[in-house]
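Chemist: Let me begin by handing over the structure; questions about it come next.
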Amino acid sequence: MKITNTIVILIIAVLFCSCNSENTDEKSSEIATQSFIQNEMRPIVFVTHEGLFLLGGFSNNQWIKVQNIKFDELSEARNTFKQVMNVDINLLKGDETFNFYSKQEFVSQISVNSRPYYYSSPASGEDFYAVPTDVNIPNENLTIGINGDWEAMPREVQLIDNSFIFDTDGNNDKAKISLANGNNDDEKVEVLMEYKSQVFKIIELQTSNIPQIYECISILDLNGDGRFEIIILDTSTSGGIFVWDINDIETTRVLSLDLGD
């Protein structure tokens, strides 16, 4: 009789612990979800040796370009190259969480803690929004930060000999992205996509008198639609960062920022 009672007590204890564990897991998952602070405009930032900068965003099925951001002091700041601290813009409110990715994988989750500051480049006239953070971010490992709770690499991305290989649509149709003439002063640099045993020219990049060095720095789903975007960096002194949406073999440039000196 004592043995039977002991067994019953043990079973109850196990069931209690199991239920308690499930509740704890649910609470942990809920806390993790709550701790990821999202902005409905889904800002995207990129990493440079100078820190984080706003690249754009995505809201209501539309890409939001940095060039279209408005705030009260914008005109004066552009004309005088004045730096404006704590800019009040909806695209970055200063309390968002970002998932950061390297060329092949998720790396880190980092939160910003204040609104961005604005300045205009005297050389290019481009608007820049620097993103303050207390975290030291090594730009050799990270490329892009996304304020979205989806998996920005929904399918495996392989990097082989500077070419990206990935499943375009979840049906195991592998594509290979590579750059042709990406490191010289030819008039054109082509982005090639090898797909279903054919090679397509999907992007043509113009070069100037200054030799331009283009690099495909990442393939990510930046807006949560399940499709990949191509992020290309021009590392020359007249450089920039460019984002193209990929739909089958069609591409559309959706975001860009001139990084020239």
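The values are calculated or read from the model by the stated rules, or taken from the named source; none is laboratory data. Computed from a predicted structure; not experimentally measured. Counting neighbours? That spans all protein chains shown, and the Cβs are built from the backbone with ideal geometry, glycine included.
Chemist: Say whether the condition of being in contact with a helix residue (DSSP H, G or I) (Cβ under 8 Å, 6 or more places away or on another chain) and surrounded by 19 or more Cβ atoms within 10 Å (Cβ to Cβ) is met by at least one residue in region 100-118. Explain how you work it out, then say what you get.
Modeler: Here is the first cut: in region 100-118, the residues in contact with a helix residue (DSSP H, G or I) (Cβ under 8 Å, 6 or more places away or on another chain) are 118.
Within this subset, residues satisfying the condition of being surrounded by 19 or more Cβ atoms within 10 Å (Cβ to Cβ) are 118.
Within region 100-118, one or more residues are in contact with a helix residue (DSSP H, G or I) (Cβ under 8 Å, 6 or more places away or on another chain) and surrounded by 19 or more Cβ atoms within 10 Å (Cβ to Cβ).
Chemist: Any residue at all in region 203-211 that is at pLDDT below 80, within 16 Å of residue 251 (Cβ to Cβ) and in the same structural domain as residue 229 (by TED's automatic domain parsing)? Reasoning before the result, please.
Modeler: First, pick out the residues of region 203-211 that are at pLDDT below 80: 206-211.
Still in the running and within 16 Å of residue 251 (Cβ to Cβ): 206.
Narrowing further to those that are in the same structural domain as residue 229 (by TED's automatic domain parsing): 206.
Within region 203-211 (the criterion being at pLDDT below 80, within 16 Å of residue 251 (Cβ to Cβ) and in the same structural domain as residue 229 (by TED's automatic domain parsing)), the answer is yes, since at least one residue qualifies.
Chemist: Just the residues that are part of a loop (DSSP other than H, G, I, E, B) and on the phi < 0 side of the Ramachandran plot, please, taken from region 85-96. Give the derivation first.
Modeler: Kept after step one, since they are part of a loop (DSSP other than H, G, I, E, B), are these residues of region 85-96: 85-88, 90-91, 93-96.
Passing the criteria: 85, 87, 88, 90, 91, 93, 95, 96.
Let's see how each residue does on (1) part of a strand (DSSP E or B); (2) more than 20 Å from the chain's Cα centre (by Cα); (3) modelled with pLDDT under 90; (4) of a type in the set (Phe, Trp, Tyr):
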position	(1), (2), (3), (4)
145	yes, no, no, no
149	no, no, yes, no
152	no, no, no, no
164	yes, no, no, yes
172	no, yes, yes, no
177	yes, no, no, no
186	no, yes, yes, no
189	yes, yes, yes, no
193	yes, yes, no, no
